[in-house]
1. Between 299, 319, which is farther than 19 Å from residue 370 by Cβ, surrounded by 18 or more Cβ atoms within 10 Å (Cβ to Cβ) and out of contact with any Cys (no Cβ under 6 Å at 6 or more places or on another chain)?
2. Which residues, counting only those in segment 175-193, are open to solvent by 50 Å² or more (accessible area, probe 1.4 Å) and either closer than 25 Å to residue 103 by Cβ or among the aromatic types (Phe, Trp, Tyr) (or both)?
3. Mind counting the residues in segment 194-241 that are within 16 Å of ligand 1 (Cβ to nearest atom), open to solvent by less than 10 Å² (accessible area, probe 1.4 Å) and of a type in the set (Phe, Trp, Tyr)?
4. Give the residues of segment 325-360 that are open to solvent by 10 Å² or more (accessible area, probe 1.4 Å), out of contact with any strand residue (DSSP E or B) (no Cβ under 7 Å at 6 or more places or on another chain) and part of a helix (DSSP H, G or I), sorted by residue number.
5. Please go through segment 35-48 and give me each residue that is over 29 Å from residue 15 (Cβ atoms) and surrounded by 15 or more Cβ atoms within 10 Å (Cβ to Cβ), ordered by number.
6. Pairs please, first residue from segment 226-249 and without any contact (Cβ under 8 Å) to a residue 24 or more places away in the chain, second anywhere and away from ligand 2 (no atom under 16 Å from the Cβ), Cβ atoms under 8 Å, 6+ apart in sequence or on different chains.
7. Can you name every residue in segment 1-34 that is within 10 Å of ligand 2 (Cβ to nearest atom), part of a loop (DSSP other than H, G, I, E, B) and open to solvent by 40 Å² or more (accessible area, probe 1.4 Å)?
8. Residue check, residue 381 against (1) touching a strand residue (DSSP E or B) at 6+ places or on another chain (Cβ under 7 Å); (2) modelled with pLDDT under 95, all met but one. Which one?
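The values are calculated or read from the model by the stated rules, or taken from the named source; none is laboratory data. Here the structure is a predicted model, which is why all the values come from computation and not from measurement. A quick note on method: Cβ atoms are made from the backbone with ideal geometry, for glycine too, and the neighbour counts reach across all protein chains shown. Just the protein is used for accessible areas: all its heavy atoms, side chains included, with ligands, DNA and RNA removed. Shrake-Rupley method; radii C 1.70, N 1.55, O 1.52, S 1.80 Å.
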Amino acid sequence: MPPVSLRCKECQTEYALDARYVCERCFGPLEVAYAPANPADAGELKRRIQAGPHSIWRYGDFLPTDGRGYPLPAGWTPLIRADRLARELGLAEVWVKNDAANPTHSFKDRVVSVALARARELGFETIACASTGNLANAVAAHAAAAGLESYVFIPSDLEEQKILATGVYGTNLVAVGGNYDDVNRLCTELSGDHDWAFVNINMRPYYAEGSKTLAFEIAEQLNFELPDRIVAPIASGSLFTKIARGFTEWIDAGLLEGELPIFNGAQADGCSPVAQAFAAGLDFCRPVKPDTIAKSLAIGNPADGPYALDLARASGGRIDSVSDEEIRAGIRLLAQTTGVFTETAGGVTTAVLAKLAARGEIGPDERVVIVITGEGLKTLDAVRGTFSAWQIDASVAAFEAAAAERAGAVGPVGVSARTGAVH
Ligand SMILES: *Cc1c(COP(=O)(O)O)cnc(C)c1O
Ligand SMILES: [Zn+2]
């Protein structure tokens, strides 16, 4: 399915596969268009995928570039069956796609890989981005690996862990006084004056393709079967809509049978333009001013909001939002039932799963996949103060005394089942 053009999502006008993102006729967004797949080739395609590298590049047939020689491979992250989480929520089958297991610990490694690979083919020497945090990490790291110059623009109130985990790669790190939407506007202006590949602006059509690899991996890891439901976070709505696109492409190519899963989108109450539009029955989003601990999802004016609304409605899903307290609880629930420590965005996703389960919206035999997009070590403040460590002297007696105190000091505490010793 070689890529053939950039095509306007609204009026279908076609453009060459260069660095552009908006239709000159109608200002609609551009997308990579491919030659149609022939289902008769599905067997050969599947063999090629299975013989490919353990990274997103095994899906090169469905991407605008094959990434040959790409220096920092992303993807092929674990899909974990989460029976303890399912039981806790009264669900049948839940899987966790853990995209924290990427080179810079978020799903942004996928999108940056495709944008950067295409930028190199187009001859760019500098790459750049407007970031809510994880994109900054990924652009800085992938530029370093490829030996390209990079400029990373972030809101100045970003989590310290994300700032430190970006600067270390030796990028030009620009902290902007303003929120993400201000940073994005600045970068859109700069992209007119500088011959740079802004991965999520002039390279956005290629960037967006990277998210399809999440769908490909989930399907392949389920032995080329579709899940019944996907729960995924929404910032701009690109990830959410492109997961669906990935499944659709594989159904069309004859690699998967069945229907598109139900799509549930997850946002934070403090930045929920898409969830609000869903609830109001609108097909567009009213911009909001973000105020939430889920900074990686804090886009007040989501570019793909209308397409996310379409997808949720057409697939029989919904878009929900959760409070900062529910996000913190979601992080702990996932950690304590699966051993996966996610950042605030994953707390949003897990909390929305819990909300859907509590409302009884998930059927008794559904196979649900939740998409965990980032790493808990990058947003440590979200769990600060939620537990306390035992403070003891370095003696057995001190430990046993503390254990007794914790046990509530009722009855014959400290009886060891193994030794019968009483303390
Ligand atoms: C960027 C990001 C998302 C969502 O991105 P979209 O703009 O909706 O594609 C989700 N989770 C994390 C952790 C992110 O960094
Ligand atoms: Zn158009």
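1. On the way: 319 fails: farther than 19 Å from residue 370 by Cβ.
Matching residue, one of 299, 319: 299.
2. 175
3. 3
4. 325, 326, 328, 329, 332, 333, 335, 336, 337, 354, 357, 358
5. Selection gives 42, 46.
6. Filtered contacts from segment 226-249: 248/260.
7. 9, 10, 11, 12, 24, 25, 26, 27
8. Among (1) touching a strand residue (DSSP E or B) at 6+ places or on another chain (Cβ under 7 Å); (2) modelled with pLDDT under 95, residue 381 violates only (1).
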